[in-house]
Amino acid sequence: MRVLIVEDEMPAAAKLRLMIEQYDPETAIAGICTSVNETVEWLSNPENHADLLFLDIQLSDGSSFDIFDRVEVNKPVIFITAFNEYAIKAFKVNSIDYLLKPLVYDDLYNSLEKIKVLRENLPPSRERFQYNEISRLLLQMNRSFKNRFLVKIGDHFRSVMSVNIAFFCAEGRTVFLITTKQNKYVIDFTLEQLESVLDPDMFFRPNRSYIINIGSIRDVVMYSNSRLLIQLNQDFEGEIIVSRERVAPLKIWLEGLK
């Protein structure tokens, strides 16, 4: 793993470096930046690469949040600061954690363990791809999500809460919402659009045709060709088979990893 440290106080940067190396001696410190401008320049250089960023929020030339406005940051981030008023803002970007100064090793250890667990549950691949996937998962977890849908019943409209939705399914170009009471409604969304507005802690897309609510799963069993079969806790005539490329993400989702 390669780490970029952004910290304008050299004693604090040195302490952080020692803690990171204590956690994993094989971790490489890819660079140490002391300002917003220096960090933007470092991240903009295609020859530089880091799998994880440690960002002090208050830097000599501004806030580290300014970095996200000037350059794309597509790696996991751990924020470190002496003040806690930035916590909510920190989790609107792809942050894995938010640590307060003075930094304690146990807190750093727990943050790095989150990344370790995520990596271990991703499909085997190049390490750089794994960290990109971790960032994608973090961004999903830090968004705001739709908690109800408007459906039409004849000449009437009804609001269905997301918690009362068992699953969504696509039949051709038509997408249906099926409630926990087995009511079926046509909705004006594609499954791709639903993926972007549904809470990923609650909903998962196992294949091209379904998005399911975790509360509707009765069992997950082995199926042919390294795939899985999802059984619902309500009557359902079809089969919801997890495609091979979605098996590992499903396991991460069922673990409820943060």
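Since every read-out is calculated from the coordinates, none of them should be taken as a lab result. If you're wondering where the values come from, they're calculated on a predicted model, not measured in any experiment. Virtual Cβ from ideal backbone geometry, glycine too; neighbours counted across all protein chains shown.
For the pair Glu239/Met202, report the inter-label distance in nm, with labels modelled 7 Å from Cα in the Cβ direction.
3.0 nm
Quick check on my link table: of Lys15/Lys114; Lys15/Lys251; Lys116/Lys146, which ones sit more than 25 Å apart, alpha carbon to alpha carbon?
Those over the limit are Lys15/Lys251; Lys116/Lys146.
Measuring from label point to label point, each 7 Å out along Cα→Cβ, what is the Met161 to Tyr109 span in nm?
4.1 nm
Under the Karplus relation 6.51 cos²θ - 1.76 cosθ + 1.60, θ = phi - 60°, what is the ordered set of whole-Hz ³J(HN,Hα) values for region 160-168, x standing for Gly and Pro?
10, 5, 4, 5, 9, 9, 7, 6, 10
Given a Förster distance of 45 angstrom, what is the FRET efficiency for Lys181 paired with Glu72, based on the Cβ-Cβ distance and rounded to 0.05? It would help to have the intermediate numbers written out before the result.
Details: r = 44 Å, r/R0 = 0.98.
After rounding to 0.05, the efficiency reads 0.55.
Give the separation of the Cα centroids, region 1-72 to region 142-204, in Å.
41 Å
Which trypsin sites (Lys or Arg not before Pro) does region 139-206 hold that lie in a coil by DSSP with at most 15 other beta carbons within 10 Å? The partial results should precede the final answer.
Numbers: sites: Arg143, Lys146, Arg148, Lys152, Arg158, Arg173, Lys181, Lys184; in loops: Arg143, Lys146, Arg173, Lys181.
Listed in order of number, the matching sites are Arg143, Lys146, Arg173, Lys181.
Kirkwood hydrodynamic radius, region 148-255, all distinct C-alpha pairs: what's the number in Å?
After inverting the pairwise mean of 1/r, the radius is 14.3 Å.
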